Structure formats: C-alpha cells, structure tokens
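The values are calculated or read from the model by the stated rules, or taken from the named source; none is laboratory data. Nothing here was measured: the structure is a model prediction, and the numbers come from that model. Cβ: placed from backbone, ideal geometry, glycine included. Neighbour counts: every protein chain shown.
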Amino acid sequence: MDKVIAKKRFSKKAIIMLVGGIAIFGLVAYGYSLSLTKTYRADPDKVTVSKVEYGDFEDVVLLNASVVPLTSVIVSSSEGGVVEQIFTENGATVQKGTPLLKISNPNAMLGYTSSETGITEQINQLRKLRLDLEQNQRVLNQDMLDIENNLRTATRQYRLDSQLYAKKVITQMELAKSSQDFSYYQGKKKILRQAIDQENQSRKLQLAQIDQSVQRMNESLEIIRKNIENMTIKAPVSGKLSSYDPVVGKSYGSNEMIGKIDVMQGYKLQAGVDEYYINRVKEGQTAQCEFNGKSYQMTVRKVIPEVTAGQFQVELTFAGVTPEGLRRGLSLQLKLTLSDNSKSLLLAQGQFFQTTGGAWVFVVSDGKARKRNIRIGRKNYLYYEVLDGLQKNESVITSSYDQFTQYDVVELTN
C-alpha cells in the first residue's frame, strides 16, 4: 500500500525566501535609521576633546583692570562760552585756585552787568527808605522834646497860679487858663507818645524787611560777581590735570566737562565684568592682583550696575599697602573671588558654550560623539561646573560646534 507522506510546513525554498526577506527588511530599516540620524565626519586634529574632571572649583573670575586715581574731580564751567585764553596744559600739576583757562561769553556778561546795575539801584532805594524812616523818627523825637518842655512850663505855671489863687492874688480866670494849658500839653504828650509807639513798631518791621531785602540782593550780587569771576576757570582742588584738551576758539556748553583733576592720594582699580555675573558681584568681596612680582589683596568698593556693551563696572581698592610704581592707565589682571572653593565635576571652558549655552554637548565614545543634554552651574576662567548629565572621565568636544550643530553624531575619523 502506498504511504501517505506528510507535507512539510515550510519548504527549503520558502525558508530561503523568508530569510532573504528579513535581511532585506533589516537593511532597509538600517538605511532608514541612518537617514534619520545625521552624521558629520570631523578631523580629530581640528576639534578639542576635554575630559570631565572632579576637583576643587575655584569660584573666581579673571578681570582686566585699569589703574585710576582714588579720587578725581571734574572741571567744568557753570556758564558756557568760547575759550579765550589757556593758562596751563594737560598733565600739569596744579594747586587749588590755579587759573586753567578763560571763557568768553558776551551775552552772559551783558546779562550779568544789567542785573548788577538793577540790583544796585534797588539797594540804593532801600537805603534811602531806611534814611527816611530814621529821619521821621528824629522828627517825632524832637516833637516829643518840645511838648515835654512846654508841659514842664505849663506845670510850673499851674502850680504857681494855684498858690497865688489860694492867697487871692490872681483871679479864677487866670488860674483856669493855667489849668487849661497844663491839661492841653498833657493830652498832646499822650497822643504823641501813642503815635511814636506805633511808628516804632512799624519802623522796626520795615527796617527788618529792608535788611532782609538788602541781604538777598547782596547775595544775588555776590552770585553775579562770582559768575563773572568764573569766566576764568580755576582748579577746584590740587592735583594732576587730565582729560584736558582745550583749544582757543573751542566752544563749551554749560556744565560741560573741560577736564579732570586727579587728587594724588592713592589709586584704585576699575574693571569691566561680564553681565553674566551681575547678580553675583557684591561690595566687600575680595580679589587678588599681581604687580612687580608681588601679590596684593583688594576689596570691591563699588558696583556700578549699568550694563554697557555686555559689561558692568566695578571699583576695587587695595586692602593693605598700595604698591609703589602705579600710574594712571596701567593695566593689571586680577582674580575676583565670588565664593569659597567647592568639590564639583569640572568641564574645561570652550567655544561650544557659544552655540549650546551649556544646555547640551557632544560626548565622545568609541570614536563617535553623540548629543547629550547637560546642566551647567557656575563658571570661572578655566572651567564650567557640571551639575547633571556627565560623569567623571567622560570625554566631551569643547571646541566650536559651528560646523556640526545640526548633526546628531560626529565621527572622529582621520
């Protein structure tokens, strides 16, 4: 009898075809995945690779500072005008009150002269009024003397007539006349006394007002004369003249800076700091600078928060002895300490930060660098502080990413 042969589930041909299909699908999938992953081939000699380290993070920033005088005083003119005469040169050492230059302003001079004349006339009028008041007081005093003299005469006559009338020597009519004169001069003296008292009160008030007005006018005259005198600009303090370049005929506006006088009482350093640190730099922080092979400690004296061209300004003073040999304009490098040292993961500074802002980096492994998100904290002049995303001894491309910022993988091939 014939045997029934069981049919195989998969034939050899079918198996070969299935394996071939899977291989083709794998190749297609791999090719598709390669098309999704953008790869850039870079020359290893043209990129910088740095290892992540673990160590002390110095929270300092390097600054380039300029030496400036501890105190500088601006020289300006209260009244604008044209330079008429120059008495000294830039860089000269001057004493307080030394004439520097003379400014000409005919319109201002005419105004000052007219005001001076007007005020002088008003002062003369007030002085005449004072003389009139004093003359009136003298007239009243003279009248009082006359009345008192007449009253004394009338009093004596009245007393005498009273005695004579008692002895029947004179008539009643003659006594009545003496009594009338006595009463008349008494009343007149009383009225004049009231008038003098009122006049005295009024005169005192008027004289006080006159004195106040004259004082104010004299003060105004003094200001006018001082403004006229200020046409010759003088050194407000003793020191060394700088930023001073007037030319005969050059025009200056009111309160415009003409120059500076550096008071020779010491020096300080002035430096621009990147705005990145604006919330971390504070008065009282310490710094260190090198000069002529010696180290000097400094203290932040003032922080000027206005940001210009991406920087704000700080002023620092020497904590101890000021080094000898400093001159205005010298440049010194200093380390500004923001906080104490701390243990952290450290990544060398590089141009990659300009592209990524520290949000991600290319991490190198087996000749390939792949994108990875990281988190960076503080930075100093050498390192960034790594807070998350990297491990010790991992390698990172720290040079510029400009050529491959749009790629996911960077192959480092020769």
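List of remarks:
- Residue selected from the stretch 307-347 under the condition of a type in the set (Ser, Thr, Tyr) and farther than 30 Å from Asn393 by Cβ, by the criterion farthest from the chain's Cα centre (by Cα): Thr322
- Test result for Val214, in contact (Cβ under 8 Å) with a residue 24 or more places away in the chain and either in a strand (DSSP E or B) or among the β-branched types (Val, Ile, Thr) (or both): yes
- The residues on offer are Met264, Met231, Met217, and the sole one that is among the aliphatic types (A, V, I, L, M) and within 30 Å of Asn136 (Cβ to Cβ) is Met217.
- Subset of the stretch 286-306 that is farther than 18 Å from Ser66 by Cβ and of a type in the set (Gly, Ala, Ser) - its residue that is nearest to the chain's Cα centre (by Cα): Ser295
- Residue match in the stretch 217-225 (condition: exposed (fewer than 14 other Cβ atoms within 10 Å of the Cβ), in contact (Cβ under 8 Å) with a residue 12 or more places away in the chain, in the same structural domain as Ile123 (by TED's automatic domain parsing) and in contact with an Asp or Glu (Cβ under 9 Å, 6 or more places away or on another chain)): yes
- Subset of the stretch 220-271 (residues that are closer than 30 Å to Leu332 by Cα and of a type in the set (S, T, N, Q)): Ser238, Ser242, Ser243, Gln265, Gln270
- When the residues of the stretch 107-135 are filtered to those that are modelled with pLDDT under 85 and not hydroxyl-bearing (Ser, Thr, Tyr), the one that is farthest from Val248 (Cα to Cα) is Glu116.
- Flag for Val363 being among the aliphatic types (A, V, I, L, M) and not in a strand (DSSP E or B): no
- Just one residue in the set Lys282, Lys294 is in the same structural domain as Val94 (by TED's automatic domain parsing), among the charged types (D, E, K, R), without any contact (Cβ under 8 Å) to a residue 24 or more places away in the chain and surrounded by fewer than 13 Cβ atoms within 10 Å (Cβ to Cβ); that residue is Lys282.
- The residue of the stretch 338-383 that is modelled with the lowest pLDDT, among those that are exposed (fewer than 15 other Cβ atoms within 10 Å of the Cβ) and among the aliphatic types (A, V, I, L, M), is Leu382.
- Every listed requirement among (1) without any contact (Cβ under 8 Å) to a residue 40 or more places away in the chain; (2) assigned to a loop (DSSP other than H, G, I, E, B) is met by Pro305 save one, (2).
- For Leu347: the one exception among (1) assigned to a loop (DSSP other than H, G, I, E, B); (2) in contact (Cβ under 8 Å) with a residue 40 or more places away in the chain; (3) farther than 30 Å from Lys234 by Cβ: (1)
- Single condition Asn107 does not satisfy, out of (1) over 13 Å from Gly259 (Cα atoms); (2) in contact with a Gly (Cβ under 8 Å, 6 or more places away or on another chain); (3) of a type outside the set (D, E, K, R): (2)
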